[in-house]
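Inspection log for the structure reproduced underneath, given as structure tokens.
What follows draws every value from the coordinates through simple rules; no lab data is involved. All values reported here derive from a predicted model rather than from experimental measurement. No Cβ is skipped: glycine too gets one built from the backbone with ideal geometry, and neighbour counts run over all protein chains shown.
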Amino acid sequence: MGAFGDIGYGLFAIAIGIAVSLAVYKGLDLLVNLFSEKLQKKIRALGFLLPAALLLVVILLIPLVQTFYLSFTNKSGKEFIGIQNYVDLFSSPEFLGILLNNFLWIAFVPAITVAIGLLVATLGNNVGPRREKIFKSLIFMPMSISFVSAATIWSFIYVFVPPGRPEIGLLNSIVVALGGEPQPWLIIDTARFNSFLLMIIIIWLQAGFAMVLLSAAIKAVPEETIEAARIDGANTVQVFFQVIVPQIRATIMSVFITVLILVMKIFDIVLAMTGGQFNTSVLGFEFYKQFFLNFNTGAASAIVTILTILVAPLMWIQIRSARKQEALR
Amino acid sequence: MRSFFDSIRKFKLASTLGLIVLVGIWSIPTVGLLITAFRSKDSAAATGWWDALANPFGQDWTLDAFATVLERDGMLQSLISTIVVAVPSTVLPILIAANAAYAFTFIEFKGREWIFGIVVGLMVIPLQAALVPVLRGMVWLKKNLGISIIGDYPGAWIVHATFALPLAIYILRNYMMTLPVALIEAARVDGASYYQIFWRLVMPMSIPALASFAIFQFMWVWNDYLIAFIFVGDERTVMTYRLLRLLGQYGDGWQNVAAGSFLSLIVPLIVFFSLQRYFVRGLTAGAVK
């Protein structure tokens, strides 16, 4: 049985992998202990840091610099061609279309995700703890689903069956029931309609994440501030937008930026749903396509360098605000 | 005086109804998939899944689709591969990061804050930015030195572990900084070595943070497609990769796609519903990834 052979190999591999790494730390400790007391003090930290440092330098830092260099090389990555890759990219209508798609994702997905998260968090606050827990679990559940699985789930909703055969896609069935014609949804790129269909999937996946963080923030709003506003005659809507929202602004921003970063790097959904066809490609997918389908190392590196330059400042803001919050704690 | 939250109790019914609608919309896609996984090829092609829901007794419920994807499409092999990729890819970064975080928290050395700053900065990098050179390096190793970590599990372990390190070190250090320093100093006075203190005191006391990160990382690796596709590849195909191929053959019947998806979902769902509290905590801490 191939499968059971795999189990044996797998268990063996897991055991060896973990044993080796434990042995490395024990070995480093013994090695450090060989030195004189004075020297030990100086190199003590190395015994604990070395494996992490080695991995980060070899697998992350050096490759990062290499990618930057490769973005100035040709298809095979062997010949230096200056900024030609960037010139080619920015003068190609296809690539500008990709940037437009990325822009649309950025413009719609984070805001809608936060809005839905806020709605569920607010409603959940009104229904009592037991119901709230059940409802929130169900909204949050997609968060544990992979992008590829989510794509299969939603393909099944968007599926188009040629007329004449029974309709099994949910969306087309609804359209037909309302008297319309079934549509090949994922092919319709008028006004980038198909990209919006893909965005719905990410909103579906991420709303639970927004809800969990925002719900915790709403519960932490001090009740005195709300009561004070009530005494001053504010109605529920006013209380929500003028008292609660300002006090959870930091959390809203943090959720917004987190989803924004995720959306900028979006890749799997596009791969699984459309393979980047019909004008749905985005930067993350284009990198994959250039490298694995076109074997164009230079262009792939240039695309991922552009992506890194776009994402890095955002993540930096995120980390800084995370540190600020810690400082307050 | 009635508080705000009391006075909106009258909204309880409206809120409940609103949530039922939302939860309904949110659950429909998954429910459709789960139902389809248990249908026969003929009925899945003949009627929508909602039809089966409306008339549950007139259906030919079957486990055929599961048998097909497990055996013919190799989902069983993929399930095993995914576990073998995911377990070390979770344990290794935790072990390595805990050691590093320990040094960053409890051992004085030159340039500590500065180096930690670089580690935090590395969280900023999208992982695709390092993939091409790492892949080329591993291919070079295989061609010239015959070391084949690519196309097998170790390649994915190393890459997953490394990309998880910055975040893991950051989270674990933050946690370790809340541990009582006096206890550790007392152990030093009693003659315990740094190595012993790490294993006997710091690791056991850090279990909540280790668990949160472990669940976050496990789900991340389990659901990953890109790294598994690049570094494990065809030989030991993981479930996301296999599922993507199944999706390409939906002409074979949606029940197969659904069953494959069900199989890849089930482990994350079990983890999610049994360890939700830890997952949420890990997610909150890992929000920068």
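Annotation: amide H of A:THR73 within the under-5 Å range of A:ILE81, sequence separation 5 or more or interchain, hydrogens built in the peptide plane.
Between helix B:112-122 and chain B there is an angle of about 20 degrees, using the helix long axis and the longest principal axis of the Cα atoms.
Explain nothing, just the number: relative contact order of chain A, from Cα pairs under 8 Å at least 6 residues apart, as a whole percent.
Details: 326 pairs, mean separation 79.1, N = 329.
Value for chain A: 24 percent.
Cross-link reach is defined here as a Cα-Cα straight distance under 19 Å, omitting same-chain residues fewer than 8 places apart; for A:LYS41 the aspartates and glutamates meeting it are A:ASP29, B:GLU108, B:GLU113, B:GLU185, B:ASP190.
Between the DSSP loop rule and a limit of at most 15 other Cβ atoms within 10 Å, which chymotrypsin sites (Phe, Trp or Tyr not before Pro) in the stretch A:19-116 are left? Don't skip to the end; give the middle numbers.
Details: sites: A:TYR25, A:PHE35, A:PHE48, A:PHE68, A:TYR69, A:PHE72, A:PHE80, A:TYR86, A:PHE90, A:PHE95, A:PHE103, A:TRP105, A:PHE108; in loops: A:PHE35, A:PHE72.
The qualifying sites are A:PHE35.
Quick one: angle between helix B:75-106 and the longest Cα principal axis of chain B, in degrees between 0 and 90, rounded to 10, please. Taking the Cα atoms of chain B, the angle to B:75-106 is about 30 degrees.
Mind giving me the FRET efficiency for A:ARG131 and A:ALA191? R0 is 51 Å, r the Cβ-Cβ distance, nearest 0.05 is fine.
Working: r = 39 Å, r/R0 = 0.77.
Result of the calculation: an efficiency of 0.80.
With only alpha-carbon pairs counted, each pair once and no self-pairs, how large is the Kirkwood hydrodynamic radius of the protein assembly as shown in angstroms? By the Kirkwood definition, the hydrodynamic radius is 26.4 Å. A Gaussian network model of chain B, with springs between Cα atoms under 10 Å, assigns the largest mean-square fluctuation among B:VAL139, B:VAL181, B:VAL271 to B:VAL181.
Compute the Cα gyration tensor for chain A, then decide on rounded, prolate or oblate, letting a ≥ b ≥ c be the square roots of its eigenvalues: rounded whenever a/c is under 1.5, prolate when a/b is larger than b/c in the other cases, and oblate in all that remain.
Working: a/c = 1.66, a/b = 1.16, b/c = 1.43.
Verdict is oblate for chain A.
For the stretch B:135-216, the calculated P(r) over all alpha carbon pairs, in 10 Å bins from 0 to the bin holding the longest distance, is 15, 32, 23, 20, 10, 1 percent.
Just to be sure I understand the curve: with the Debye formula and one point per C-alpha of chain B, what is log10 I(q)/I(0) at q = 0.09, 0.10, 0.12, 0.13 Å⁻¹? Summing over Cα pairs of chain B leads to -0.63, -0.74, -0.94, -1.03.
In percent, rounded to a whole number, the relative contact order of chain B is 30, using alpha-carbon pairs under 8 Å and six or more apart.
For chain A, what is the calculated [θ] at 222 nm in deg cm²/dmol (nearest 500), taking -39500 (n - 2.57) for each run of four or more DSSP H residues and dividing by its residue count? Walk me through the numbers before you get to the answer.
Details: 15 runs with 225 residues, N = 329.
Calculated at 222 nm, the ellipticity per residue is -22500 deg cm²/dmol.
Going through the cross-link list A:LYS78/A:LYS289; A:LYS75/B:LYS143; A:LYS136/B:LYS12; A:LYS136/A:LYS265; A:LYS78/A:LYS265, which pairs have a Cα-Cα distance over 18 Å in this structure? Display every interim value, and only then the final one.
On the way: A:LYS78/A:LYS289 20 Å; A:LYS75/B:LYS143 21 Å; A:LYS136/B:LYS12 15 Å; A:LYS136/A:LYS265 27 Å; A:LYS78/A:LYS265 27 Å.
Long pairs (Cα-Cα over 18 Å): A:LYS78/A:LYS289; A:LYS75/B:LYS143; A:LYS136/A:LYS265; A:LYS78/A:LYS265.
When the GluC sites (Glu not before Pro) in the stretch B:86-186 are filtered for DSSP coil states and for at most 11 other beta-carbon atoms within 10 Å of their beta-carbon, the remaining sites are B:GLU108.
Which of the helices in chain A, when you take each full DSSP H run, stretch at least 18 Å along the axis at their Cα atoms and have an average Kyte-Doolittle score of -0.5 or higher? Don't jump to the answer; show the numbers that get you there.
Working: long enough: A:2-33 (46 Å, 1.38); A:93-124 (46 Å, 1.74); A:193-219 (38 Å, 1.90); A:249-264 (22 Å, 2.21); A:297-328 (45 Å, 0.90).
Those that pass (Cα extent of 18 Å or more, hydropathy at least -0.5) are A:2-33, A:93-124, A:193-219, A:249-264, A:297-328.
The phi-based Karplus calculation (6.51 cos²θ - 1.76 cosθ + 1.60; θ = phi - 60°) puts the 3J(HN,Hα) values of the stretch B:238-254 at 7, 5, 4, 5, 4, 5, 4, 5, 4, 4, x, 10, 5, x, 6, x, 5 Hz, whole numbers, x for Gly and Pro. Comparing B:SER15, B:SER206, B:SER89 in a Gaussian network model of chain B where C-alpha atoms under 10 Å apart are linked, the largest mean-square fluctuation is found at B:SER15.
Taking A:SER21, A:SER144, A:SER155 in turn, the Gaussian network model of chain A (Cα-Cα springs below 10 Å) assigns the largest fluctuation to A:SER21. In degrees from 0 to 90, rounded to the nearest 10, what is the angle of the helix B:153-176 Cα long axis to the longest principal axis of chain B? Result, in degrees: 60.
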